[in-house]
Structure formats: structure tokens, C-alpha cells
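Read through the structure below, which is laid out as C-alpha cells, and then see the notes.
The values are calculated or read from the model by the stated rules, or taken from the named source; none is laboratory data. All figures in this text were calculated on a predicted structure; none of them were measured in a lab. Positions of Cβ are generated from backbone atoms using ideal geometry, with glycine treated the same way; all protein chains shown enter the neighbour counts.
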Amino acid sequence: MSDTNAYTRPLPQADDESHEFYDGARRHELMLMRCRACGAWRLPSRPRCPDCWSTDTEWARASGRGTLYSFGRMHQKFPGFEGETPYLYAVVELEEGPRIVSNVVGMADEELRCDMPLQAVFDDVADDTTLIRFTKAGA
Amino acid sequence: MDGRELKGRAAITGLGISEMGRVYGHDAQHFAAEAVQRAVADAGLRKEDIDGLLVNPGISPLGGMGGVGLQNYLGLTNLRLLSSMNVGGATANIMVQYAAMSVIHGLANHVVCVFADAPLREGHGGGAAYAGAGRTTRPAGLGALYPAFGVFGVNALYALATRRHMAMYGTTGDQLGAIAVAERQWAAFNPIAEHREPITLDDYRASRWVAEPLHLLDCCLVSNGGVAVIVSRAEEAPSLRQPPAYVWGMGQGHPGDMRRKGWDVETQTGAPMAKEKAFAMAGIGVTDIDVVQAYDCYTYTVLVTLEDYGFCAKGEGGPFVADGRLGPGGSLPTNTGGGQLSAYYMWGMTPLSEGVIQARGQGAGRQVAKHDVVLVTGNGGVLDHHSTIVLSPHPA
């Protein structure tokens, strides 16, 4: 779905705390952190559970289902986005709880409604980078 | 312990506002120093009387250690209290709170609280400094998802919060526009407001999109300048030069954001927590408020703040603001200097400075006749941090 030969947006890069997430995306899996002590899911990939303060943590595969928490349409021009402004951006509330920054594809912006069910789709935008976008559930 | 014993025991005795707005060629220290100098003169104090300094830097450098270096820039050699503080736009009220407690309990007598910033450069748009912060071509970590999807700057994030409120409660753009129109009506009476020409709802609708659902006229200005206030023990206030603005109530609310289901700080802010403490201290209810100075980085911030203080029911902020209630002649005069939307963007010092002016009765053409109880709100982050100050010209 992305025009890779013209992909100009900033490519995210894994670091020590987030490589499980980005590696998962390349496998077309949505990975989140989960606390082994209290079971709470979290998305900021931090070593300590904010609920129980345990550092006993695992990465686990999320369902990829969620709902549209909110969305905006950016009209300001930023480097890498010049040719496609205005563009849509979104925050999706995952079934497991955490919210993730993304966008919604495969439907007209006018169809978007907060709380509509969505599902993750995986977009290989570069050889080493897959972005997790969302589309209408069941589509 | 509800803090009632603190009511009216500290006062804002000095206010200094530097040259403000599109003023170039100076750094933030210059603006901070100007504001402090004017505040000290305003109070009728001498430099030697200042024994406390609290500094809130903006996004521009402000001396060493986050602004602590301002002490030596100003040659303040008698300080018993010194700190740099930053809770975003909630900081101004919070500085006043710590200053008030310090003077009440004898740690210091006259504490200067100052904010200054110089993000504007000649020939560059107001938003450039804010939206551009931290951008790289190959950002790393999970935070890199924001630039990857083009989520730059606070405009993008407040657009999400505004959209969420619209979806939950049916809030409309025109209702937000009514806030922009009302603040501009007030700004016409404020000689230092950057924008004083009137606007209509049609102007609001026609103003360009920044990040939908936010128009340009939903967004605050960006300003160069500085504002300082002096907090003194109440007993000392009547002998100083200006009518005291007594601190009746103080509170903070930081509910946290776990960024997951159940945390809706975008539409349910920390204001109720801050209000509960501040109003209990002041011994007031929401119907006692005569004038509101609500933090207004965006029109929506005003709307959600009024809801969260209980001026109207949750979710009814849209209809509440739509009928001109906030403007001149309205039943709830709000942001009477034009606020950050029309006058100047000095973070929490914008509502605080106008709160002091109204409590003193020095608003001239924009002075609200009944100004016994003035509410000042601060907001930091993306509705993450809230602070409350209640001011009054009366000691009790």
C-alpha cells in the first residue's frame, strides 16, 4: 500500500528497549510488553511496570484488534510529508489496553469515527522497516 | 486538614510584564530581568528586599541550571529560596504556591516568580520553534512512531484531545470558535495584546486548518517576553505600593496518564483534583467565582477546564460557551485580557498576570466590576497537569 520508491517519511529505528516491537512488526506481529508479576500490558517499552513496579517483563503478541481512540488531520508541512499534506494520523486503543500512534488506511477519512473497530495491517515500507497501520475491522 | 489556615496569608504584591510579543534581538534572560525589574518597582520594593527566586524557563535557554543562573544575572545576593521549576503551563501557579507557603512559614519574605521565553525569530512563523523540537531523520525507540506517522508538536496532540471530546459529547467547531471570538473581544481592551482587531465566527471558520479539528484561531500565539510576580507575606502587603491580590486558594492535580484504556486525561483533566483543594482552602464554591482566567493554549483547553471546575455539567461545555457568556458583558467573564489566543503566550503567567490585574481592579476598559473572587488555572503537558490559584482583593 505504500509507494516504497517514494517513501519520504521518517523511518523509525529500533533501540535496545524497543527492538522486540520493531522485530515483531517485520514478522507482521504486533508485540507489546506485559508484566509477568501483575499481567498488565504496556506500550511505552520501559523496563519497570508502572502498576506494580516489577521489572519482570515479557514481550507478548497482541491480537491486533482495537478501536479508534482519536484522529487528526495534519495541515502543517513537515519534512518528509510535503507531498501528502494534509494527512491523517490516529491513536488506536488496542484490545489489550495500550494505545498506539498510527494511522488508518483503506477507507475515506470521512468514514472515520472514534471508537470504531479496527485491525492492524503491516506495511513493509523499507527493507528493514515495517509500520503497523490500521484498517476497518473485518475488511 | 483542609488548608483553611493558609487562606489570605500570602499575597501577590508585584507584577512585571516585559516588552511582549514580536520583540526580537533579546534572549530569555533579558526578558526575565526586565520582568523582574518591573515587578520589583511595581511593588515598591528594592532589589535587596528580594530574598526568594523561582524560575520557570520556557523552551529557550534561561541561564545556567534551568534558570538558576538568573540570580547572578540580576545580582540577587540575599536569596533564602532559589529553584528552577517546570511543570509546563501549570508552573506559574505552582511557583506562586511554593512561594506562598515559603513566605507564610518564614523561609523568605518576598519571593519573585518569573517566566521568560524567546522562541520567536524574526521572519519565522510562531509554531516553528515548538513543532520542530527534537526532529531527526532516523528517530529511534517507540517514540519514533510519532514522527513516523507525522505527529509533530503539540498542535497534533491537542487536535486528538479535541476530537475525542467532540466524539464523546458532540462538541462542535463553532462552539470552540465562540471562545476565540470572546477572547478577541476582550483583547480589544488590552493595550499590550498582540491581536486586538475583532473577529467573527465566520473568520474563525475561514481560518486555515492547523491540525483538524483545530483551526489557526483555536491555537495560542507564540510570544517573546517575560512575566514576573512577587509573593509576599500578607502582613507586609498593605504597606507596599499596589493593592494586594491575596492568595485565597491553592491546588494541584496530576492524575497521570498510563496511555491505555481507562485513562482519559484528554477529556477528564486534573482540574477537579486541584479545584477541590483550592476551593476548600478558599472556602468557596464554583458559583462564588466572579472572573475566570483559564489556561488557553487552545480554545478546547478553556472548554474542558470550565467543565472540570463544574461551571457546567461534564460534556456540556460546548453549549455553555456558545452563547457569549465568556465575553464582555457575559455572565462568566473569562480571559479578560485576551488570553494566550489573542494577547500573549507566557504559559501560566498569561492567566496569572491578568488575574492579578483584575483582582487589583486595574483592568481599565476591560475591568470586571465585581472581582472579589478571581480563578486562575494552569495546564501543563497535554492536559496532564493542572494548577489552581484563587485570588481576591480582600484578605479574608
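Quick rundown of the values:
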| item | result |
| --- | --- |
| Test set (1) closer than 17 Å to A:Ala137 by Cβ; (2) more than 7 Å from chain B (Cβ to nearest Cβ) - A:Arg99 fails condition number | (2) |
| Options B:Gly365, B:Gly329, B:Gly318: the member that is on the phi > 0 side of the Ramachandran plot and modelled with pLDDT of 95 or more | B:Gly329 |
| Helices (runs of 4 or more DSSP H) within region B:291-396 that include 2 or more residues among the acidic types (Asp, Glu) and under 19 Å from the mean Cα position of the chain (by Cα) | B:299-308 |
| Flag for B:Ser102 being touching a residue at least 24 places away in the same chain (Cβ under 8 Å), of a type in the set (Ser, Thr, Tyr), closer than 17 Å to B:Asp51 by Cα and part of a strand (DSSP E or B) | no |
| Number of the exception - B:Leu107 against (1) outside any loop (DSSP other than H, G, I, E, B); (2) surrounded by fewer than 16 Cβ atoms within 10 Å (Cβ to Cβ); (3) hydrophobic (A, V, I, L, M, F, W, C) | (1) |
| Candidates B:Ala180, B:Ala237, B:Ala193 - the one that is assigned to a loop (DSSP other than H, G, I, E, B), in contact with a Ser or Thr (Cβ under 7 Å, 6 or more places away or on another chain) and either more than 14 Å from chain A (Cβ to nearest Cβ) or among the polar types (S, T, N, Q) (or both) | B:Ala193 |
| Residue, surrounded by the most Cβ atoms within 10 Å (Cβ to Cβ), within region B:243-265, restricted to residues that are within 21 Å of the chain's Cα centre (by Cα) and among the aliphatic types (A, V, I, L, M) | B:Val247 |
| Any pair with Cβ under 6 angstrom, 6 or more apart, that starts in region B:203-223 at a residue that is free of Cβ contacts under 8 Å to residues at least 60 places away in the same chain and ends at one that is among the charged types (D, E, K, R) and surrounded by 22 or more Cβ atoms within 10 Å (Cβ to Cβ) | B:Pro213/B:Arg163 |
| Among the residues listed as A:Ala40, A:Ala60, A:Ala90, A:Ala126, the single one being closer than 22 Å to B:His215 by Cα and in contact (Cβ under 8 Å) with a residue 24 or more places away in the chain | A:Ala90 |
| Candidates A:Thr67, A:Thr57 - the one that is over 18 Å from A:Ile100 (Cα atoms) and surrounded by fewer than 19 Cβ atoms within 10 Å (Cβ to Cβ) | A:Thr57 |
| Criterion (under 20 Å from B:Gly378 (Cβ atoms) and of a type outside the set (A, V, I, L, M, F, W, C)) met by exactly one of B:Gly58, B:Gly106 | B:Gly58 |
| So B:Val291, is it within 14 Å of another protein chain (Cβ to nearest Cβ) and β-branched (Val, Ile, Thr) | no |
| Number of the condition not met by A:Met74 [criteria: (1) at the interface with chain B (Cβ under 9 Å from one of its Cβ atoms); (2) touching a helix residue (DSSP H, G or I) at 6+ places or on another chain (Cβ under 8 Å); (3) over 16 Å from A:Arg9 (Cβ atoms); (4) at pLDDT 95 or above] | (3) |
| Candidates B:Thr162, B:Thr171, filtered to the one that is more than 8 Å from every other protein chain (Cβ to nearest Cβ), in a loop (DSSP other than H, G, I, E, B), touching a Leu at 6+ places or on another chain (Cβ under 9 Å) and within 25 Å of A:Arg113 (Cβ to Cβ) | B:Thr171 |
| Count of region A:70-87 residues which are buried (at least 16 other Cβ atoms within 10 Å of the Cβ) and more than 14 Å from the chain's Cα centre (by Cα) | 10 |
| Region A:4-58: number of residues that are within 19 Å of the chain's Cα centre (by Cα), acidic (Asp, Glu) and more than 10 Å from every other protein chain (Cβ to nearest Cβ) | 4 |
| Test for B:Leu45: is it hydrophobic (A, V, I, L, M, F, W, C), under 19 Å from B:Val103 (Cα atoms) and assigned to a strand (DSSP E or B) | no |
| Any pair with Cβ under 6 angstrom, 6 or more apart, that starts in region B:183-197 at a residue that is under 18 Å from B:Val302 (Cα atoms) and ends at one that is assigned to a loop (DSSP other than H, G, I, E, B) and among the charged types (D, E, K, R) | B:Ala187/B:Arg196 |
| Condition broken by B:Leu54, with the remaining ones in (1) part of a helix (DSSP H, G or I); (2) crowded, with 21+ Cβ neighbours inside 10 Å satisfied | (1) |
